[in-house]
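A short reminder: the numbers here are calculations on the coordinates, not readings from a lab. Computed from a predicted structure; not experimentally measured. Here Cβ is always computed from backbone atoms with ideal geometry, including for glycine, and neighbour counts include all displayed protein chains.
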Amino acid sequence: MIKESYNVTDDIELIKASLDGDKKAFGQIVTRYQKMVARTVKGMLGDSVFAEDVGQEVFIKLYYSLSEFRGEAKLSTYIQRIAVNLTLNEIKKRKKFFSMFAQKGNNEMYEFEVADHNTEERREASEIVNKALLAMDPKFRIIVTMRMLQGYSTKETAEILNMPLGTVLSRLSRAQEQLKNILEKL
Amino acid sequence: MNSSEIKKLLISSLDSDADTIEVSGKLQEEGISYNFSKSFGDKVIDRIFSAGVTVIREVEFVKNLNFAFYRIALTGVAAIVVLLISIFLMEGSISFNSFLGLSDSYDESIVCLLTGN
C-alpha cells in the first residue's frame, strides 16, 4: 500500500512547533512527506536533476505558507496541491525553454536515470513506467501519477487537483486511451 | 512481472473502478518507487533556515525582472511599428518631420513660435 495515512493531531502539533521556529519539527514534516512528494514530482518530471530542486521548493513553499494552513484539508492534501502546482509550473517553464532551442517532444525533454534494481525485469518495468509517463500529456500525466503511483481514488484525485469529479473521470478515460497508444509503441 | 503484464497493469489502473491502492502497491513491489537523495531533508532545512533562501529570492526577482523587461521591450517595439505604419498611411512617407507631427509646419513658423516675433 502506497498511500500513507498519518495522525492529523501529530501534523497539527508539528505545524504549530514549526511556526514557532522549531527546525526539528519541520524536519519531521519533511521526512514524513518527502516520499509522497517524490512520487508526484519524479512521476511527473522523471528522475531528473530538476525533480530534486522542485521537491525542495515544495517544502520551502510549504514552510512559508504554514501560517495560511487552516487545517480544513489534510496536510498531505495541502502538500500534494503545492507539489502538483510547482511541478506543472516546472513543466511549463521547461517546455518554453526547450521550444526556444529545439522542437522536441515532451518525452525527449528530460534525461532520467533509472534507479538501481535487482533484476533486469525490474529495470525494464521501471523504464516502461517512466517512459510512458513522460510521453503523456501533462494534464493526463498528473491524473495517472495520482492514481497509479500515489494510489488515490478518483474522488481524492479530484479533491487534490481541485477539479470536478466529472472532469477527472473524462480525463481518466482519455488518459487510458493515450497510455494504450504509448505502451503499444514501447 | 514481465513487460506485457506491467503494461496491462498500467492500463487497468486507469479503469474508473480500479483498486488504485492495490495497483500502486504492486508497482512498488516491482521496484517502481521514487525517493529523493539521502540529504534531501537537510538541504531543505538549510535552504529555509540559512541565507540561501534570500539568495534564491533575489535570483527569482532578477529572473522576473528580466521577464518583465522582455515583455515591455517587445510591447514597445510593437507600438513603435504600429506608430510608423499609421504615420506612413496618414502622411504617405515616414520622414522625421511627419514622425514629430511637423509635416504642416515651416521652419520659419517654428522660429516665430519660439521667439514670439
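When you count the other C-beta atoms within 10 angstrom of each residue and take the mean per peptide, A:159-172, A:129-142, B:18-31, A:31-44 line up highest first as A:31-44, A:129-142, B:18-31, A:159-172.
Across segment A:8-185, C-alpha contacts under 8 Å between residues 6 or more apart give a mean separation that, scaled by the residue count, equals a relative contact order of 23 percent. By the rule of a C-alpha distance below 21 Å, with chain neighbours fewer than 8 residues away ignored, the lysines paired with B:Lys63 are A:Lys61, A:Lys92, A:Lys93, A:Lys95, A:Lys96. Run down the lysines and flag those whose C-alpha is under 26 Å from the C-alpha of B:Lys8, throwing out any fewer than 8 positions away in its chain. Partners within reach: A:Lys3, A:Lys35, A:Lys42, A:Lys131, A:Lys139, A:Lys155, A:Lys180, A:Lys185, B:Lys26.
Using θ = phi - 60° in the Karplus curve 6.51 cos²θ - 1.76 cosθ + 1.60, the 3J(HN,Hα) couplings for segment B:7-12 round to 4, 4, 5, 4, 5, 5 Hz; x is entered for Gly and Pro. Semi-axes of the equivalent ellipsoid of segment A:8-185 are 29, 19, 16 Å, computed as sqrt(5λ) over the eigenvalues of the C-alpha gyration tensor in descending order.
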